[in-house]
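Data block below; observations after.
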Amino acid sequence: MAVTRFCTRSYRQDLRVFPSPAAKILLVLGGLFLLCLPFMAGRYVVFVLCVCGVSVIGALGLNILTGYTGLISLGHAAFMGIGAYTAAVGAAKAGLPFLAALPLAGIVAAAAGAVVGVPTLRLKGLYLVVTTLAFQFIVEHVIYHWESLTQSDRGISLPPAEIFGLKLDTYESFYYVIVILAVATALFTKNLAMSRTGRALVAVRDRDIAAEIIGIHLAKYKILAFVVSSFIAGVAGALYAYLLGLIGPDHFTFNQSVLYIAMIIVGGMGTVLGSIIGALFMVLLPEVINAVSGPLASAYPILAPRIGGISVTVYGLVIILFLLLEPNGLFGIWIRIKRYWKPWPFTY
Amino acid sequence: MGFQIFFQLTITGLAWGSVYACIALGFVLIFKSTDIFNFAQPELMMLGAYMAFTLITMLRLPFVLGFFLALILMALIAAVVEMMVIRPMVGEPVLAVIMVTLGLANVLRGMTGLIWGYEELQLPTPFPSDPIMLFGAAINQAEIYTILATAVLLVIFFLFFKYSQAGISMRAAAEDTKTAFLMGINVKRVFTGSWVIASLVATIAGVFLASFTFLEPIMGHTGLKALPAIILGGLDSIHGAVIGGLIIGVAENLAGFYLEDYLGSGINEITAYVIVLIVMMIRPYGLFGTKEIERV
């Protein structure tokens, strides 16, 4: 399912993070655009953008595990939940500052990832899927029932984040934290993918026994993938907790895990750009659906309590249609468009 | 007194376990013949129960007639779904296949919410509601009928796979699709057939489950517990699925009662998943699954 990059002429060219000067310029312009956005958009739009940023980080984390290493996890939301609750409990009960809570959330989630990673050394395919599913449900259960720590469905409220005395209590200010971390995660993932480690992970995905024979330590790399992926998930979860200011058990359910897999599939598996586009697409989709279904519900009040069914159905349809018609995801479409224009105006 | 409670819990557990076993059976059936792991199976169960509900309460059909009509409708739906969505995915990577069925599950769940709403509905049951006394324990009659019906169903299945032409061709297609093609077996029909049968079993499971609980669009989450059952039994083993389902049904009921004081309420909801984690540590291919040997 992975999309290969354009043909390159030398190893050096292949190893470059950004394939062309044009890409660099575009990235700089895009970065400037991202920095200016909060000044142009309203409060709600900035909030949605923040959610997009958190989802991009989460999707990039899952992409390392599922996209590059080929280990399918239906428990990504559980790792995010562990991170979120670590940060929330740390900040609300122990008074941990933001800059300490964030890495701590990542570390705790990574530790959980290492624990889940161990049985995966023997499991494959569907057995692994169900094991991560079991982990997801167990974490959900613990969050819901460990009342003394998590306050069950009343949730935990967090104080606003603070960096060096600077209070980030508006969406606009927190937006910058999220954007910086999202860009950092994207760069990290891109560099990881091009390093020896990243290539080893891809080898594990493509044929694990063959990878072992050519000298890749399977156990090490599988657990590494779990640890890195869940560290990123934990950080994303913590950011989400700070963004919302109040987290409860229903933010990290099985459906969320499915949503994250949908993101990397819709975007394009095993590509950084794909994870980013996929996350944006899947976060913005419900906004579009709400814009349509909101007026529909007010026009037909009988539909109002059932309108939630529409977004669930559309989610499902989007996943099915992408897999049937465009298995390489939005990234695949992007590559096709680029290929089409490359020799333009000549056909060959 | 202690024994009576234990007995009662075991019977309830067996009834739930029978429902899990039916769903698990559908999973294994589809997996065996098409190598597709159908995450939408619990949703098929839910849809079947809703169909029966509509036919029985809204069209006021007698229970048995409504039930049979629901079976026929579900068979049609399953056949259409298989041809449109699933067939193009045969032979695709595991993740793509899983996600298609998860997407399908979302569509079915969303449609159910849209059509029937999110309130809990009560399926009228044909079973007498007064409990019968067995060894001094009060047992819900619907549970006994569920266990009996599942047992009958399993015998039919066993005979079907062992002796009927269709059953044998299904096993052949599962064993080796290409060779089955060469032997003149209509593999496409086998694929559709396995979905149809899986949807029938799912509908039966759904109606029984609804007769001792109620209908709601998140019923599928209960059905998901059939997954640990299959993994426990081993993905490709039909009797494993049944035994796995029963073990999980009984274990979660017993755990819900005896361990509640130590581990908090609601422990029964995750017992299945804890069991499957432990089994996976010890036997990564389930209790009765075939151990795969890989060559490069």
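The values are calculated or read from the model by the stated rules, or taken from the named source; none is laboratory data. Nothing here was measured: the structure is a model prediction, and the numbers come from that model. Don't worry about glycine lacking a Cβ; one is built from the backbone with ideal geometry, like all the others, and counts go over all protein chains shown.
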Please go through the range A:232-266 and give me each residue that is under 29 Å from A:F322 (Cα atoms) and either among the basic types (K, R) or over 11 Å from the mean Cα position of the chain (by Cα) (or both), ordered by number. A:Y240, A:D250, A:H251, A:F252, A:T253, A:F254, A:N255, A:V258, A:I265, A:V266
Those residues that are crowded, with 22+ Cβ neighbours inside 10 Å, in contact (Cβ under 8 Å) with a residue 12 or more places away in the chain and within 9 Å of chain A (Cβ to nearest Cβ), I need them from the range B:86-100; list them, please. B:V97, B:I98, B:V100
Has the range A:324-346 got at least one residue that is on the phi > 0 side of the Ramachandran plot and part of a helix (DSSP H, G or I)? yes
Condition first: in contact (Cβ under 8 Å) with a residue 60 or more places away in the chain and either outside any helix (DSSP H, G or I) or at positive phi (or both). Now tell me which residues in the range A:267-323 satisfy that. A:G268, A:M269, A:G270, A:T271
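Yes or no, residue by residue, for (1) closer than 30 Å to B:I270 by Cβ; (2) loosely packed, with under 15 Cβ neighbours inside 10 Å; (3) modelled with pLDDT under 90; (4) touching an Asp or Glu at 6+ places or on another chain (Cβ under 8 Å):
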residue: A:L123; (1), (2), (3), (4): yes, no, yes, no
residue: A:I138; (1), (2), (3), (4): yes, no, no, no
residue: A:I178; (1), (2), (3), (4): no, no, no, no
residue: A:E212; (1), (2), (3), (4): no, no, yes, no
Within the range B:54-67, is there a residue that is surrounded by 15 or more Cβ atoms within 10 Å (Cβ to Cβ), within 14 Å of chain A (Cβ to nearest Cβ), not hydroxyl-bearing (S, T, Y) and not in a loop (DSSP other than H, G, I, E, B)? no
Which of the residues spanning the range B:104-143 are in a loop (DSSP other than H, G, I, E, B) and either free of Cβ contacts under 8 Å to residues at least 24 places away in the same chain or within 14 Å of another protein chain (Cβ to nearest Cβ) (or both)? B:G117, B:Y118, B:E119, B:E120, B:P128, B:S129, B:D130, B:P131
Among B:A151, B:A180, which is modelled with pLDDT of 80 or more and in contact with a helix residue (DSSP H, G or I) (Cβ under 7 Å, 6 or more places away or on another chain)? B:A180
Looking only at the range A:234-253, count how many residues are within 20 Å of A:L62 (Cβ to Cβ) and crowded, with 24+ Cβ neighbours inside 10 Å. 10
Scan (1) within 12 Å of chain B (Cβ to nearest Cβ); (2) under 21 Å from A:I64 (Cβ atoms); (3) not β-branched (V, I, T) for the single condition A:A279 breaks and write down its number. (1)
Complete set of residues in the range B:220-240 that are within 13 Å of another protein chain (Cβ to nearest Cβ) and either in a loop (DSSP other than H, G, I, E, B) or aliphatic (A, V, I, L, M) (or both): B:L224, B:K225, B:A226, B:L227, B:A229, B:I230, B:I231, B:L232, B:G234, B:L235, B:D236
Condition check: hydroxyl-bearing (S, T, Y) and in a helix (DSSP H, G or I). Does B:T146 satisfy that? yes
Being surrounded by fewer than 19 Cβ atoms within 10 Å (Cβ to Cβ) and at the interface with another protein chain (Cβ under 7 Å from one of its Cβ atoms) is the requirement here; does A:L324 meet it? yes
Report yes if some residue within the range B:208-215 is within 14 Å of another protein chain (Cβ to nearest Cβ), surrounded by fewer than 24 Cβ atoms within 10 Å (Cβ to Cβ) and among the hydroxyl-bearing types (S, T, Y); otherwise report no. no
Every residue in the range A:162-219 that is among the aromatic types (F, W, Y) and on the phi > 0 side of the Ramachandran plot, please. A:F164
Residues (more than 7 Å from every other protein chain (Cβ to nearest Cβ) and under 18 Å from B:I98 (Cα atoms)) located in the range A:121-170: A:K124, A:L128, A:T132, A:F135, A:Q136
Considering each residue of the range A:157-172, count those that are hydroxyl-bearing (S, T, Y) and touching a strand residue (DSSP E or B) at 6+ places or on another chain (Cβ under 8 Å), and give that number. 1
Enumerate the pairs (first residue in the range A:26-49 and surrounded by 14 or more Cβ atoms within 10 Å (Cβ to Cβ); second residue anywhere and assigned to a helix (DSSP H, G or I) and hydroxyl-bearing (S, T, Y)) with beta-carbon separation below 6 Å, excluding pairs fewer than 6 apart on the same chain, so at least 6 apart or on different chains. A:P38/A:Y175; A:V46/A:Y171; A:V46/A:Y175; A:F47/A:Y171
